[in-house]
1. Work the Kirkwood hydrodynamic radius out for region A:23-98: mean of 1/r over every pair of different alpha-carbon atoms, inverted, in Å.
2. What list of ³J(HN,Hα) values in whole Hz, one per residue of region A:187-192 in order, does the Karplus curve 6.51 cos²θ - 1.76 cosθ + 1.60 (θ = phi - 60°) give from phi, with Gly and Pro shown as x?
3. When only DSSP loop residues count, what trypsin sites (Lys or Arg not before Pro) in region B:40-132 have their Cβ near at most 14 other Cβ atoms within 10 Å?
4. When the distances between all Cα atoms of region B:26-134 are binned every 10 Å from zero, what whole-number percent does each bin get?
5. Take peptide A:128-137, look around each residue's Cβ out to 10 angstrom, count Cβ atoms belonging to other protein chains, and average those counts.
6. Express the C-alpha Rg of the protein assembly as shown as a ratio against the empirical globular expectation 2.2 N^0.38 Å, rounded to two decimals.
7. Which entries of A:41/B:82; A:139/B:67; A:41/A:126; A:139/B:107; A:41/B:67; B:67/B:103 have Cα-Cα distances beyond 30 Å here?
8. Based on alpha-carbon centroids, what's the gap between region B:21-47 and region A:158-183 in Å, whole number please?
Amino acid sequence: MTALEDVREIREASTTSLVGVILIMIASAVGFTLLTAPFDKLLGPGGGALPAAIHGLVAFLYLFVGTIGLYLGWRLLTGHIRAFADLQLLAVVAATFSFLAICFGNWLYIYYRAPVADSPRSYFVKNMPEVHKIFFEFKEFGALFTLPLAVCAAFILWRYGVQTLERPWLRYSVAVLMGLAFFYLVVAFGLGAAVTKLRPA
Amino acid sequence: MSPSTIVVKPEEKNVEVWAPSVRERIPGGIAVGALMAAMVGMLTLAVVNVFTTASPAFNTWVHNVGKFWMPGAQGIGPYSGKETLALVGWLGSWVIMHFALRKRDLKVSRWLIVFLVGVGLATTLIWPPVFEYLGGHG
């Protein structure tokens, strides 16, 4: 085997290996937790514990992906991007997480606004009305903005492909879209975390 | 290790090198259509929310729109209808604009500015003190 073949073999194996290791680690962690820990206690006592956990998890993953996307978007804006294929993939993943976060946010919202005395909305309206009327309402609308922005960025990156790199205003557009999506994500994530800290669903 | 055992590997390519696209130039209208549709979706959400704040009857109608198809819409409330109308505005306008603009090589720069103005307007309209004021609750 030549040195070149050796290097190629390592590279080809690396992606599959990485995905495999990640899946095994996630499965191990989830399996170990479910088998040994009181998982319901981990989720919390509220009726919306499960959607809250999934919504929070997806939003956190989106924040993680969005941060990397913001950096790659900046590299795209300045014309110094090297990992264009990674940016294409990341844009799709970000749009997917945005969609999932919105779906699970909808589910959680049912518990948030439940017409009972101890629901978070009832609590806020009674004790801290500005938390619901300003911060939560801005969060719930701002969060929706991430989806069209992320989908639009992914669409341009895939539809135009390498031409995105050759046409400055397409690069600027995608970078702006990713930057705006990140802005609304951070607004929604930050306010969502704060609201949850004040009164979990 | 003696010098004779060192294997000199070829330099690894650690950056992606992109050759210029050999495909035909894709018209800018396709990107413009996607940008404008995203803006329309965001503005639809913002404007619908202002009118639901102003009119209880419209608010009820919007809620019924959500209940028409969205699981759990009864519990989600009028927000389900606002999401629905924003989705229809976004995807509907995208389909229309895509087919209307796909062969036109529009300048993306001009439309990006329009897009930014629209997004700024939508953001202003979803700020609660603003839509409460416009809805007559200020």
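1. Here the Kirkwood hydrodynamic radius works out to 14.8 Å.
2. Using θ = phi - 60°, the values come out as 4, 5, 5, x, 5, x Hz.
3. B:102, B:103, B:104, B:107
4. Histogram of Cα-Cα distances, whole percents per bin: 16, 37, 30, 15, 2.
5. 2
6. In units of the globular-protein estimate, the protein assembly as shown measures up at 1.17.
7. In this structure, A:41/B:82; A:139/B:107; A:41/B:67; B:67/B:103 lie more than 30 Å apart at Cα.
8. First find each Cα centre; the distance between them is then 11 Å.
Computed from the coordinates by the stated procedures, all read-outs in this text should not be read as laboratory data. For clarity, every value in this text was computed on a predicted model and none was experimentally measured. We place every Cβ from the backbone using ideal geometry, glycine too, and count neighbours over all the protein chains shown.
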